[in-house]
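**Student:** This structure is in C-alpha cells; I'll ask about it shortly.
The values are calculated or read from the model by the stated rules, or taken from the named source; none is laboratory data. Everything quoted here is computed from the prediction, not taken from an experiment. Using ideal geometry, Cβ is built from the backbone for each residue, glycine included, and neighbour counts are taken over all protein chains shown.
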Amino acid sequence: MRESSAQYLPLRCVLDTSFAGAWGEDPVSERDVNAFVLRSTNLGYLGEIDYSTAAGRVFTEVQVDRKLLSPGDILLEVSGGSPAKPVGRVALFDPVDSRPYAVSNFFRVLRVSSDFDPRFVYRSLVQLYNSPQIFSFQQQTTGLINLKVSDYLETSIRVPVASEQRKVAEILDEVDLQINRASRSLCKSRLIAKSALFRRLSHLERESFEKGLVGGGQEVLTLTGGLPQSEAGVAGPEGVPIYGSSGLAGYGVHALSQGETIVIGRVGEGGVGSVRYVANSAWVTDNALWAKRIHPDWLAEYLALYLDWRDLRQLRSQTGQPLITQGAIGALSIGKPLLEDQRNVIHMSREAAKMVKKSQEEVEKLRTLKRGLMLDLLTGKVRVSLAE
C-alpha cells in the first residue's frame, strides 16, 4: 500500500464534536443520581479507567443531553498533571456497565467522526502524550497545569484509510489483551507467594509461642532514628543507597548502617510501618528507623519478613500525623523459630521473588513491544497487510 493513501489532518478535523466535562450537583439521595462522573483519579497513566469509583451526581436535563458519554469517546485530561507527569492523558471510553457516565470539568470529551476509527485516533493521542511534543501544550496557572486545548486540537495526526485504521487498532488491542493477561498473572503470582509466606510465618509464630520461644522487641533489635538526607551527600547509583519511609530515596556518600539492617518507616501516611531488609551499608533518613543491633538468634532478613507480616502500621499513632515509635515496636512479643526454619522462610521468599520477577519481565517485554508497534504502525514506518 502506498504512503499516499494516508493523510495528515489536524485533530479537530477527525472529530464530530468536542465538549467540556461537568461536575453537576450533589444528590440528596441515591435515587437522584442520573450521571456517574469520572475524575482524574479514575484515569490511570496507561489509559485504564476505574469505573467502580465514579461519583454519583445530579445533572440538569440540558447536561444529560449534552454531557453524557458514548462508547468510543476519547477522554482528554485538560487540567492537573505535574512537572514530571504532564497534563494531556487520554483514555477510550469503553463502559463496563449501562450506567450513564460523564467526566468532570478537568476533562474534555473528543467524539470522533464516523469516518474514522476512534480506537486508532485514541492510539495516536497516546503516542502524542508519550512524545516530547506534549510539553509544548502545557500552561501553568495558579497551581494547576492546564492543556492548551486550541493548540492541541490543531495537532496533525497521520490518518490512513479506514481499513488500515481498523487493522492497526486490532493489532494494538490484541497486544493490550496479552498485557492484561500477563498483568493478571503477575498479580496472581504476588498473591500466591504472599499467602504461602504468611501462612508459614503464622505457623512458626504459633509453634514458637507454644514452646515459649519468645523474645521482646527491645531484646530482639535495637532501633535508632535516621538522619537528614542532606547529610548523606550526593552520589550516583554507584554510591551508598539512601532509604527513607517510602523506600529508596537516592544515593549518597556516607553510610549509617555498616552491613545488613532493617529499615522501618517511622512517619508519613504513605510509608509509616513499611519494612525493608537492606543487605549492605546504607544511609537512613530521619523519617525512618533502622536496626542498629539484631540479636543473633534472629536472622535480619527473616526478621524483616516477620515484621512485615505483623503489619506495623497497626502500631501507628491515631492522632495527628501517622507515627510509629521505637517503644511501640519494642513492646512486641516476637516468636523465635529455629535458625534452620528462618533460613527456610528466607529461601521461600527469595524463590517467590524470582517467580514474581519473571512475571514482571514478561509484562515489561510486552509493554516494550507495544511501544515499538505503536511507533511503527502509527507513523506508517511499518504498513499492515490488508489482504483477507
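Listed here are the residues, each with its yes/no results for (1) among the charged types (D, E, K, R); (2) modelled with pLDDT of 95 or more; (3) assigned by TED's automatic domain parsing to the domain that holds ILE179.
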{"position": "VAL64", "(1), (2), (3)": "no, yes, no"}
{"position": "SER82", "(1), (2), (3)": "no, no, no"}
{"position": "ASP94", "(1), (2), (3)": "yes, yes, no"}
{"position": "VAL121", "(1), (2), (3)": "no, yes, no"}
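**Student:** I'm trying to understand the selection: among the residues of the range 231-287, which are of a type in the set (Asp, Glu) and closer than 16 Å to ASP311 by Cβ? Give the steps one after another, and end with the answer.
**Tutor:** Within the range 231-287, the subset of a type in the set (Asp, Glu) is 231, 238, 260, 269, 286.
GLU269, the sole residue that qualifies.
**Student:** When the residues of the range 265-295 are filtered to those that are closer than 26 Å to GLU340 by Cβ and in contact with a helix residue (DSSP H, G or I) (Cβ under 9 Å, 6 or more places away or on another chain), which remaining residue is surrounded by the most Cβ atoms within 10 Å (Cβ to Cβ)?
**Tutor:** Filtering the range 265-295 for residues that are closer than 26 Å to GLU340 by Cβ and in contact with a helix residue (DSSP H, G or I) (Cβ under 9 Å, 6 or more places away or on another chain), the one surrounded by the most Cβ atoms within 10 Å (Cβ to Cβ) comes out as ALA291.
**Student:** How many residues does the range 124-171 hold that are of a type in the set (S, T, N, Q) and more than 26 Å from the chain's Cα centre (by Cα)? So that I can check it myself, show each step before the final result.
**Tutor:** Kept after step one, since they are of a type in the set (S, T, N, Q), are these residues of the range 124-171: 124, 127, 130-131, 133, 136, 138-142, 146, 150, 155-156, 163, 165.
Subsequent filtering for residues that are more than 26 Å from the chain's Cα centre (by Cα) retains 141-142, 150, 155-156, 163, 165.
Looking only at that region, the number is 7.
**Student:** Which of the residues belonging to the range 332-364 are of a type in the set (Lys, Arg) and modelled with pLDDT of 95 or more?
**Tutor:** Restricting attention to the range 332-364, the residues satisfying the condition of being of a type in the set (Lys, Arg) are 336, 343, 350, 354, 357-358.
Scanning the range 332-364 gives LYS336, ARG343, ARG350.
**Student:** Can you run down the residue pairs with Cβ atoms below 9 Å, 6 or more apart or on separate chains, where the first is in the range 217-242 and in a loop (DSSP other than H, G, I, E, B) and the partner is surrounded by 14 or more Cβ atoms within 10 Å (Cβ to Cβ) and of a type in the set (Asp, Glu)?
**Tutor:** Matching pairs, first to second residue: GLY226/ASP286; LEU227/ASP286; PRO228/ASP286.
**Student:** Which fully enclosed strands (runs of 3 or more DSSP E) of the range 269-369 have 1 or more residues being within 24 Å of the chain's Cα centre (by Cα) and of a type outside the set (S, T, N, Q)?
**Tutor:** Numbers: elements: 275-278, 288-294, 333-335.
Ranges flagged: 275-278, 288-294.
**Student:** Condition test on ARG166, is it of a type in the set (Lys, Arg), in a strand (DSSP E or B) and either touching a residue at least 40 places away in the same chain (Cβ under 8 Å) or assigned by TED's automatic domain parsing to the domain that holds LEU11 (or both)?
**Tutor:** Values: of a type in the set (Lys, Arg): yes; in a strand (DSSP E or B): no; either touching a residue at least 40 places away in the same chain (Cβ under 8 Å) or assigned by TED's automatic domain parsing to the domain that holds LEU11 (or both): yes.
No, not satisfied.
**Student:** Hey, can you tell me all the residues within the range 350-388 that are in contact with a strand residue (DSSP E or B) (Cβ under 9 Å, 6 or more places away or on another chain) and more than 21 Å from LEU177 (Cα to Cα)? So that I can check it myself, show each step before the final result.
**Tutor:** Taking the range 350-388 as the starting set, the residues that turn out to be in contact with a strand residue (DSSP E or B) (Cβ under 9 Å, 6 or more places away or on another chain) are 378-380.
The answer is THR379, GLY380.
**Student:** Is one or more of the residues making up the range 302-312 closer than 30 Å to ASN344 by Cβ, touching a residue at least 24 places away in the same chain (Cβ under 8 Å) and loosely packed, with under 15 Cβ neighbours inside 10 Å?
**Tutor:** Yes, because at least one residue in the range 302-312 is closer than 30 Å to ASN344 by Cβ, touching a residue at least 24 places away in the same chain (Cβ under 8 Å) and loosely packed, with under 15 Cβ neighbours inside 10 Å.
**Student:** Given the structure, is PRO71 free of Cβ contacts under 8 Å to residues at least 40 places away in the same chain and under 28 Å from ALA169 (Cα atoms)?
**Tutor:** Working: free of Cβ contacts under 8 Å to residues at least 40 places away in the same chain: yes; under 28 Å from ALA169 (Cα atoms): yes.
Judged against the criteria, PRO71 is a match.
**Student:** Would you mind finding the one in LEU177, LEU197 that is part of a helix (DSSP H, G or I) and surrounded by 15 or more Cβ atoms within 10 Å (Cβ to Cβ)? Outline the logic, then answer.
**Tutor:** Details: LEU177 fails: surrounded by 15 or more Cβ atoms within 10 Å (Cβ to Cβ).
When all the criteria are applied, what remains is LEU197.
**Student:** Now for a different question. Filter the range 1-32 down to residues that are over 25 Å from LEU125 (Cα atoms) and out of contact with any Phe, Trp or Tyr (no Cβ under 9 Å at 6 or more places or on another chain), then give me how many there are. Working first, answer last.
**Tutor:** Initially, the range 1-32 is screened for residues over 25 Å from LEU125 (Cα atoms), giving 24-32.
From the residues that got through so far, the ones that are out of contact with any Phe, Trp or Tyr (no Cβ under 9 Å at 6 or more places or on another chain) too are 26-32.
Of the residues in that region, 7 qualify.
**Student:** Are any residues in the range 153-179 of a type in the set (Ser, Thr, Tyr) and either under 10 Å from LEU377 (Cβ atoms) or at pLDDT below 95 (or both), and if so, which ones? Walk me through it before giving the result.
**Tutor:** Taking the range 153-179 as the starting set, the residues that turn out to be of a type in the set (Ser, Thr, Tyr) are 155-156, 163.
Within the range 153-179, SER163 is the sole residue that qualifies.
**Student:** Of all residues in the range 4-23, which are surrounded by fewer than 17 Cβ atoms within 10 Å (Cβ to Cβ) and part of a strand (DSSP E or B)?
**Tutor:** Selection gives GLN7, TYR8, LEU9, PRO10, ASP16, THR17, PHE19, ALA20.
**Student:** How many of the residues making up the range 226-246 are within 18 Å of GLY268 (Cα to Cα) and either surrounded by 15 or more Cβ atoms within 10 Å (Cβ to Cβ) or of a type in the set (S, T, N, Q) (or both)? Quick ask: steps written out before the conclusion?
**Tutor:** Our first condition is that a residue be within 18 Å of GLY268 (Cα to Cα); within the range 226-246, this holds for 226-229, 242-246.
This time we only want the ones that are either surrounded by 15 or more Cβ atoms within 10 Å (Cβ to Cβ) or of a type in the set (S, T, N, Q) (or both), so: 226, 229, 242-246.
Number of matching residues: 7.
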